[in-house]
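Participant: One structure coming up, written as structure tokens, with questions to follow.
The values are calculated or read from the model by the stated rules, or taken from the named source; none is laboratory data. These figures come from a predicted structure and were not determined experimentally. Cβ placement follows ideal geometry from the backbone for every residue including glycine, while neighbour counts extend to all protein chains displayed.
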Amino acid sequence: MAERKRAGAVRKHKKGPLKGSGGQRSKGLEGRGPTPKAEDRPYHAKAKAKARAERSGQQRGGDRPRRTGAPASTVHKQRTAEVISGRNAVAEALAARVPATALYVADHIEADDRVRDALARATQQRIPVLTAGRTDLDRLVGEGAVHQGIALQIPPYRYASVDQLLEAAGRQAPLLVALDGVTDPRNLGAIIRSVAAFGGHGVIVPERRSAGVTASAWKTSAGAALRTKVAMVPNLTQTLRALKKQGLFVIGLDGGGEVSLPDLQLGAEPLVVVVGSEGDGLSRLVRETCDEIVSIPITASTESLNAGIAAAVALYGISVARQAG
């Protein structure tokens, strides 16, 4: 008796050509660039394996820079990539020329002016445009985030060394800004923009209790982060002391400073301007390291200026002194 095959054990295929989109979906996305590597696509298995390996290395301390005499030991790298999601946020980020590794767009997205603008800017900036399913986009942006069918991946920021900031000054007297306890990335972005506007040569931030160069900082800088270097240091006080040994003066901004900004005599000198947090101001060790504590005259009805505005006012006053000198 012939053996009967179990029903369902045979996979049936329809005859004839399979139907597809005919390339219509891909034609709707202009400017598709080269596909990023698998490990650079957050929802890919290789990217997840890479992230697990990096987390494991951080727990063991394996990805911490070695203490050597090479200049590269002062270069720090932000360890995680970021994703900007939502039509307005993505369009604004691309308009500010925030560097990106990929623009993800949902398969069946209903394109409006913001989506079309994002696609056009991505094409102009040679950012790869990739289609993704809604489930993939949900995983990419994280639980609770609203992506509206579009997301932009931001690579980790590579920080400069303090020596590179000094080199950026060339033959000019260096003008640097250091942040002490400034944790809002929008303040950091605003300060980067002011440093670029008033002839500064870079920004210094500590590794702990400080804002880093995130997507929010990139956007607030309005493109200035492309031109102004940011250095991240393990210990701000030690860095300031080292800069003083190299001939730079250190001034701190504080409402109770003994020197008023219009009376500052160090404006034309090699200078580091330290900006403290709006609430706590300068920390004790940083304050003790400063050569002078400088106040910005304001009306009695206003308690203080936020860090971004205070830095802008001080840098303007210093730039006027330098031009006069």
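Participant: Which fully enclosed helices (runs of 4 or more DSSP H) of the stretch 105-218 have 2 or more residues being assigned by TED's automatic domain parsing to the domain that holds V294 and within 29 Å of A321 (Cα to Cα)?
Facilitator: 162-169, 185-197
Participant: Give I309, I251, I318 a once-over and let me know the one that is in a helix (DSSP H, G or I) and buried (at least 19 other Cβ atoms within 10 Å of the Cβ).
Facilitator: Every option except I318 fails the conditions.
Participant: Given (1) closer than 27 Å to V83 by Cβ; (2) surrounded by 23 or more Cβ atoms within 10 Å (Cβ to Cβ), identify the lone condition not met by D184.
Facilitator: Condition (2) is where D184 drops out.
Participant: When you check A225 against the structure, is it out of contact with any helix residue (DSSP H, G or I) (no Cβ under 6 Å at 6 or more places or on another chain) and at pLDDT below 90, yes or no?
Facilitator: When the stated conditions are applied, A225 does not pass them.
Participant: Still on this structure: Just checking, does the stretch 231-238 include any residue being assigned to a loop (DSSP other than H, G, I, E, B) and either of a type in the set (G, A, S) or under 19 Å from E82 (Cβ atoms) (or both)?
Facilitator: No - not one qualifying residue is present in the stretch 231-238.
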